[in-house]
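The values are calculated or read from the model by the stated rules, or taken from the named source; none is laboratory data. What you see is a predicted model, and the numbers here were worked out from it, not measured in a lab. Every residue, glycine as well, gets a Cβ built from its backbone with ideal geometry; the counts of neighbours run over all protein chains shown.
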């Protein structure tokens, strides 16, 4: 026991010596070291993001000395303004103990989050850290836990934006994952629970950090990152842009701006091909409806068969969810379900109307999807739309079949208004597979099976699919493409005062 005490004292002594050497280097030397890594300094990042001379640092009590390595400047916390709006911000300092989190550092970030929640202003967290400070033992884990708890306390009250511009490892990686949006930068951003060294110690395999949690993995495979940019300056510029679409808190709404015209609305007449089997680019359609240059896509590289993003329509902020017929014909798979569900829930939490543009053959079939839980994950999409109380408008452009018709904000799960384009089709499934199932025997027994099948397909399409010839009572209006922008804008004005008082309950149980 005495040996362990002496060994522990020696460890603390050595760690303190290491920290003293860190402090002995000048701030300029530490900043130069950060620049050599291709990264900006902690304070530089704050100064670039905030309006000039608006940053006010928040002080925090000094350590009582119980921790061997308690440099509080491993993170800078404070408040400032972006385009005149108050935000709270913290920036981890990689040049002080690798930006690692001790209990005191965790409490410092927790204080910022608590203050932001009370003041009802967005939080921007800049992550550049090796995670929990290993040499501090369990007290470091306590610091990480404090951050995670207050992340969750703030969720749904104020927007939470994470900017990962360095390593973000271990349990600390759950902090940006608990935020609403995660930004990252090529080559310098890394997020993983178990780093390369930990993987090697268990599997004896050498792993490239980029294969674990580089930007390609984060933005395309795991879907952890919502935005990815080439450099920090571009990244911070887009953080400011995103804030323009967000309210200060759940009790506010996004501020409208002066409406911009749309120079591409005439394109709507020619975007969708006559042949239903030919794909088209839904982003072109979206950009032809919303205000010029206002569409900001979220998670463009993850589950690209569904599109989510913010835009403005006649100056007002909206959330857009739409299928992408160019990819998987717009079918909804596991990742698309999760991506859209989370976006819908964010929009609902922060009073942002949702416009859903539907062109889908349904949920993606196949053994792989069933094994991955398409039923469970698809249920999230249904749940998110049904739970949302903000204005919900759906537009069906070409087809809405099966579960995709129901799940994508239909009237049956709480949608407010549904419009369809003139040649749009709604059915349990497309004409050809439906006929093959319903009339299998008749086709097989006919003298000319091919001709019989084609005749039945045409009949089915006219009687059960085409809305223009057989308008269901749950469709509000059939419109031509060139009426879309004006029609959607008018519908938003009608729903502007919508308010629905939720039933009293502890919380819902979304199928996670």
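Which condition breaks for residue 163 when tested against (1) over 18 Å from residue 119 (Cβ atoms); (2) touching a helix residue (DSSP H, G or I) at 6+ places or on another chain (Cβ under 7 Å); (3) assigned to a helix (DSSP H, G or I)?
Evaluating residue 163 over (1) over 18 Å from residue 119 (Cβ atoms); (2) touching a helix residue (DSSP H, G or I) at 6+ places or on another chain (Cβ under 7 Å); (3) assigned to a helix (DSSP H, G or I) leaves (3) as the failure.
Of the conditions (1) assigned to a helix (DSSP H, G or I); (2) outside the structural domain of residue 41 (by TED's automatic domain parsing), residue 235 clears all except one; give me its number.
Residue 235 satisfies all of (1) assigned to a helix (DSSP H, G or I); (2) outside the structural domain of residue 41 (by TED's automatic domain parsing) except (2).
So which residues in region 238-256 are surrounded by fewer than 15 Cβ atoms within 10 Å (Cβ to Cβ) and more than 18 Å from the chain's Cα centre (by Cα)?
Correct list: 251, 252, 255, 256.
Could you check how many residues of region 155-178 are over 18 Å from residue 212 (Cβ atoms) and surrounded by fewer than 22 Cβ atoms within 10 Å (Cβ to Cβ)?
4
Restricting attention to helices (runs of 4 or more DSSP H) lying wholly within region 391-455, give those where 3 or more residues are closer than 17 Å to residue 282 by Cβ and more than 31 Å from the chain's Cα centre (by Cα). Walk me through how you get there before you give the answer.
Details: elements: 402-407, 431-438, 440-445.
Qualifying helices (runs of 4 or more DSSP H): none found.
Are there any pairs, at least 6 apart or on different chains, whose C-beta atoms fall under 8 Å, with the first in region 488-506 and in the same structural domain as residue 291 (by TED's automatic domain parsing) and within 22 Å of residue 396 (Cα to Cα) and the second modelled with pLDDT of 85 or more and part of a helix (DSSP H, G or I), and if so, which?
So the pair list comes out as 488/289.
Within region 148-157, is even one residue in a strand (DSSP E or B) and under 17 Å from the mean Cα position of the chain (by Cα)? Walk me through how you get there before you give the answer.
Quick first cut of region 148-157, residues in a strand (DSSP E or B) only: none.
No, the conditions are met nowhere in region 148-157.
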